[in-house]
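Structure first, then comments.
The values are calculated or read from the model by the stated rules, or taken from the named source; none is laboratory data. Not measured: the values here are computed from a predicted model. Note that we place each Cβ from the backbone using ideal geometry, even for glycine, and neighbour counts take in every protein chain shown. These area figures cover heavy atoms from the full protein model, side chains too; ligands, DNA and RNA do not enter into them. Shrake-Rupley method; radii C 1.70, N 1.55, O 1.52, S 1.80 Å.
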Amino acid sequence: MLKQYAAFLKFCIVGAGNTLVDFLVFFLLTSFHVPYLVAQACSYTAGMANSYLLNRFWTFQVRKKATWGEASRFIAVNLIVYALTSLLLFLFHQQWGWPLLYAKIIATLAGMAVNFLGTRIWVFREHAE
């Protein structure tokens, strides 16, 4: 049981780092007038790369060589989360007029929940038990 809590805590720490990378890249790009959905794609990709490396080697301590199946599951989960966060960002900011910061925070929190479930249950499933 303690191992499960440790993995969750590590996932949260990695997630905080991913979110920091995501937000820094996103707001850096938007400060240079890059359209926010393009900035979202770039910033999410940067956070995703960070997530894969840190979760694979630190959170779930996968020592075997990466497989195409694992990588494709990771990419699939993150494409779903990317689509969700982009849709929410568009709805909250563009359609409903929320400030970009608030829209980004809420979209990110929703994405984190989906990402944790997908990563824990499906991507690194052999190491989640």
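Some points to look at:
- Identity of the residue in segment 57-85, basic (Lys, Arg) and out of contact with any Phe, Trp or Tyr (no Cβ under 9 Å at 6 or more places or on another chain), that ends up most open to solvent (accessible area, probe 1.4 Å): Lys65
Yes/no matrix, rows are residues, columns are (1) touching a Gly at 6+ places or on another chain (Cβ under 6 Å); (2) without any contact (Cβ under 8 Å) to a residue 24 or more places away in the chain:
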| position | (1), (2) |
| --- | --- |
| Ala71 | no, yes |
| Val77 | yes, no |
| Tyr82 | no, no |
| Trp96 | no, yes |
| Leu109 | no, yes |
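- Of all residues in segment 32-51, those being among the hydroxyl-bearing types (Ser, Thr, Tyr) and either free of Cβ contacts under 8 Å to residues at least 40 places away in the same chain or on the phi > 0 side of the Ramachandran plot (or both) number 2.
- Residue match in segment 90-103 (condition: under 24 Å from Phe8 (Cβ atoms), in contact with a helix residue (DSSP H, G or I) (Cβ under 6 Å, 6 or more places away or on another chain) and not hydroxyl-bearing (Ser, Thr, Tyr)): no
- Test: residue in segment 86-105 that is of a type in the set (Lys, Arg) and either open to solvent by 50 Å² or more (accessible area, probe 1.4 Å) or closer than 13 Å to Tyr36 by Cβ (or both): yes
- Matching entry among Leu54, Leu29, Leu24, Leu9 (being without any contact (Cβ under 8 Å) to a residue 60 or more places away in the chain and exposed (fewer than 13 other Cβ atoms within 10 Å of the Cβ)): Leu9
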